[in-house]
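Structure first, commentary second.
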Amino acid sequence: MTKSEALYARAVKRIPGGVNSPVRAFGSVGEVPRFIERAAGSRIYDADGREYIDFIGSWGPMILGHNHPAIRESVKKACEKGLSFGCATEIEVEMAEFICENIPHVDMIRMVNSGTEAVMSAIRAARGFTGKNKIIKFAGCYHGHSDSMLVSAGSGVMTSGVPDSAGVPAGCTSDTMTAVYNDLESVRALMEAASGEVAAVIVEPVAANMGVVLPEEGFLQGLRDLCDTHQALLIFDEVITGFRLSFAGAAGYFHVTPDLVTYGKIIGAGMPVGAYGGREDIMKMVAPVGKVYQAGTLSGNPVAMAAGLTQLKILRENPSIYERLNATGEIFYRNIEKILADAGAPCQVNHIGSLASIFFTRERVRDYTSAKTSDTKAFADYFKYMLNHGIHLAPSQFEAMFLSAAHTKDELDKVLELVGSYAVNNFSRE
């Protein structure tokens, strides 16, 4: 028995499913989770001493690679002063100033502890500001595990949400409506059916939780126009894309301005943190100056702020990081696409910048329904092959690959060789 297997055997006795987040579970790929001991650059090392080239990157925030020396040093210095005060600190002011001065659509920002909390709070602010209750989200877009967001598409986009988790009362989702990603008409229909009662539309501008699904031409601007027409707010959930697609996130990349934006752990360089921000008139609805209540003892934790501010400053001062990363991603993912296509593999490679997903389906993936046509067994076989050859991917067909600035050409070439070997051995052109 490996050490990871032994740890998992212990974990399942005390932790539901043996993991503290379902995305860490390896059940869908028929494996036991690898318990990670340390990480550096593009590599992670498990409890058995095995080394992997990592394409999870703590689910996105490690854009500079694991354990970056400047970030590590900033954390050490912050820890010397204390771990948590539950009081206001200078560095959280510096973080707020830095983001607001550098992100055009963020006038004010509030720190929280996770992306889930950021979304929950942004939706509450939108409802408080507009005086309306209904929210439109998209099937396949994940916005954390707050009650009102745990809603799937159901049988039709005109139906109010049905809870997608046990323990969520129907009343919590009765004002959540689900539209189809990349389908503006589905949003328009919901807007009209709601008769002016929609407070906000929330969207992952690049969907990354049904696998990576790109917005089609005009989709995001169409949402902006529909929200303006129906006096609703537009919320970009940039927990994945914020400070990754570009310094200004997907909003800057696509040149579409949201009213509110949510961020996750990337603003903490991987430490537990989140934030929501946007227009000043909306954010001034938040307590203690407004009537929308939201609080958190650990919000703006000085250690997390130190790590995050260090990373954001590096990214801001070195725009070439984005140029190199996006260019590298374009070449790398297109090469994967070509290798699979040449082998006749039934695969689609959706990619943008440093984000990508390989879908094991012949159908073009543009929404949740088409994503679900993927062959999850084929993905599991591919996943195990790559893992056994030292490539650490997300253990789910419906998650993203994340490139970091630490990945080298030699490492990416190794991945391409493995993809080629797998494709030749498992697919044949008919």
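Per-structure values
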{"item": "Under 5 Å, built H, 5+ apart or other chain: amide partners of Val206", "result": "none"}
{"item": "Residue-span extension gain [Leu83 to Ser195] - 0.36 nm each, minus C-alpha spacing", "result": "35.4 nm"}
{"item": "Solvent-accessible area of Arg43 with every protein chain in place, 1.4 Å probe, in Å² to the nearest 10", "result": "70"}
{"item": "Residues with amide H under 5 Å from that of Ala179, placed H, sequence gap 5 or more", "result": "Lys137, Phe138, Ala139"}
{"item": "Reach of Lys132 by Cα under 24 Å, taken over lysines that are not fewer than 8 positions away in the same chain", "result": "Lys284, Lys291"}
{"item": "Listed residues Glu317, Glu101, Glu337, most fluctuating in the chain (Gaussian network, C-alpha, under 10 Å)", "result": "Glu317"}
{"item": "Of all DSSP beta bridges in the chain, antiparallel share, percent nearest 5", "result": "60"}
{"item": "Relative contact order (%) - criterion: Cα under 8 Å, at least six apart; region: the chain", "result": "21"}
{"item": "Mean separation of Cα contacts under 8 Å, 6 or more apart, over the residue count of region 204-248: relative contact order %", "result": "39"}
{"item": "Relative contact order (percent, whole number), region 228-370, Cα cutoff 8 Å, 6+ residue spacing", "result": "16"}
{"item": "Accessible surface, the chain, averaged per residue in Å² (probe 1.4 Å)", "result": "43"}
{"item": "Gain upon complete extension [Glu37, Arg72; 0.36 nm per residue less C-alpha separation]", "result": "11.0 nm"}
{"item": "Candidate lysines for bridging to Lys409, where Cα separation is under 27 Å - those fewer than 8 sequence places away on the same chain excluded", "result": "Lys265, Lys313, Lys338, Lys384"}
{"item": "Unit charges on C-beta of K, R, D, E only; dipole of region 308-379, Debye", "result": "100"}
{"item": "In Hz, Karplus ³J(HN,Hα) per residue of region 4-11 (6.51, -1.76, 1.60; θ = phi - 60°; x = Gly, Pro)", "result": "4, 5, 5, 5, 5, 4, 6, 4"}
{"item": "Accessible carbon and sulfur surface of region 65-196 relative to its total accessible area, %, 1.4 Å", "result": "54"}
{"item": "Residue with peak Gaussian network fluctuation, the chain [Cα springs, cutoff 10 Å], from Ile331, Ile103, Ile15", "result": "Ile15"}
{"item": "Phi to ³J(HN,Hα) by Karplus 6.51 cos²θ - 1.76 cosθ + 1.60 over region 376-382, Hz, x for Gly, Pro", "result": "5, 5, 4, 4, 4, 4, 4"}
{"item": "Whether the chain is rounded, prolate or oblate, judged on the alpha carbon gyration tensor where a/c under 1.5 counts as rounded", "result": "oblate"}
{"item": "Per-residue HN-Hα couplings for region 131-138 [Karplus 6.51, -1.76, 1.60; θ = phi - 60°; Hz; x = Gly/Pro]", "result": "x, 10, 10, 7, 10, 10, 10, 10"}
{"item": "Top of Val349, Val29, Val168 by mean-square fluctuation, Gaussian network on the chain, Cα under 10 Å", "result": "Val168"}
{"item": "With at most 15 neighbouring Cβ atoms within 10 Å, loop chymotrypsin sites (Phe, Trp or Tyr not before Pro) (DSSP) excluded, longest segment of the chain", "result": "86-292"}
{"item": "Full-stretch length increase - Thr297, Lys377 - with 0.36 nm per residue and alpha-carbon distance subtracted", "result": "24.4 nm"}
{"item": "His68, His389, ranked by accessible area, largest first (probe 1.4 Å)", "result": "His389, His68"}
{"item": "Other-chain or far-sequence residues with amide H under 5 Å of Val151's (modelled H)", "result": "Asp164"}
{"item": "Region 319-348 versus region 71-115: alpha-carbon centroid distance in Å", "result": "35"}
{"item": "Cβ-Cβ FRET estimate between Asp413 and Ala287, R0 fixed at 56 Å, reported to 0.05", "result": "0.60"}
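The values are calculated or read from the model by the stated rules, or taken from the named source; none is laboratory data. Quantities reported herein were computed from a predicted structural model and do not represent experimental measurements. Every residue, glycine among them, receives a Cβ derived from its backbone with ideal geometry; neighbour counts consider all protein chains shown. Areas reflect the complete protein model, heavy atoms only, side chains present, ligands, DNA and RNA absent. Shrake-Rupley method; radii C 1.70, N 1.55, O 1.52, S 1.80 Å.
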